[in-house]
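As structure tokens, the structure follows; a few thoughts come after it.
The values are calculated or read from the model by the stated rules, or taken from the named source; none is laboratory data. Here the structure is a predicted model, which means the values were calculated and not measured. A quick note on method: Cβ atoms are made from the backbone with ideal geometry, for glycine too, and the neighbour counts reach across all protein chains shown.
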Amino acid sequence: MDRFYKINIAVLLVLSVITVGMLVQHEIEVQGSVNPKFTKKAILKRKYEKQMARNAWLYGKVISLQKAGQSVQAIEELRKIMANNPSDAYASVLLGRLYYQQGRLADAIHSYRKAVQKDPDYVDKKTPLYIGDEIMELISNARGKLNREKRLKPNDTKIQTAINDIYYLQRRIAGGCE
């Protein structure tokens, strides 16, 4: 072996040792810095817990009125809350539930659409906020009635809007993009 060949081998060995050392150091830093409190999953879990606790606190009276069957009073109370929190999606979910309880299917469907537009987590099965099954139940109950009404009143824009809202909600629940 000539001298140049020996120098190349020595340089390669030194570079290999340095690379292995850097990889070991990196692994030590990564293992030490990953705190289970700060993983993405844990952060999302805390976010949803806070959101659900806030909803329970803010809408407690509305929910208790709804359970008592006092939907008119619940809607009145909900409208007061919505005036102060117009971007809160859960208010639209509750309004949809109340309308459905009253048999106002078109209004219920539109409220659910607004909720999904404000917060897409309501149709994401991976979140604790998922209400897709609830929405699909409403849609299956409303579809026949709305199609009959459309045949009877072909120029009624409220019925056509409700049908369009059904299509939107079905696409979102199926995972389609808007």
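The single condition among (1) in the same structural domain as Asp121 (by TED's automatic domain parsing); (2) at pLDDT 90 or above; (3) of a type outside the set (A, V, I, L, M) that Thr19 does not satisfy is (1).
Under the condition of being part of a helix (DSSP H, G or I) and either of a type in the set (Gly, Ala, Ser) or closer than 30 Å to Ala42 by Cα (or both), the residues counted in segment 131-147 number 8.
Could you please let me know if Arg143 is of a type outside the set (Phe, Trp, Tyr) and surrounded by 14 or more Cβ atoms within 10 Å (Cβ to Cβ)? Judged against the criteria, Arg143 is a match. Listed by position, the helices (runs of 4 or more DSSP H) contained in segment 39-108 that have at least 3 residues being crowded, with 16+ Cβ neighbours inside 10 Å, without any contact (Cβ under 8 Å) to a residue 60 or more places away in the chain and in the same structural domain as Asp121 (by TED's automatic domain parsing) are 60-67, 71-84, 89-102. Checked against (1) in contact with a helix residue (DSSP H, G or I) (Cβ under 6 Å, 6 or more places away or on another chain); (2) in a helix (DSSP H, G or I); (3) of a type outside the set (S, T, N, Q), Pro128 meets all criteria but (2).
Each row is one residue, and each column tells you yes or no for (1) modelled with pLDDT under 90; (2) among the aromatic types (Phe, Trp, Tyr).
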{"residue": "Tyr5", "(1), (2)": "yes, yes"}
{"residue": "Gln25", "(1), (2)": "yes, no"}
{"residue": "Thr39", "(1), (2)": "yes, no"}
{"residue": "Ile75", "(1), (2)": "no, no"}
{"residue": "Lys80", "(1), (2)": "no, no"}
{"residue": "Ala83", "(1), (2)": "no, no"}
{"residue": "Gln102", "(1), (2)": "no, no"}
{"residue": "Leu105", "(1), (2)": "no, no"}
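Residues that are in a helix (DSSP H, G or I), loosely packed, with under 13 Cβ neighbours inside 10 Å and polar (S, T, N, Q) within segment 148-168 comprise just one, Thr157. Among the residues of segment 115-125, those identified as part of a helix (DSSP H, G or I) and surrounded by fewer than 16 Cβ atoms within 10 Å (Cβ to Cβ) are Gln117, Pro120.
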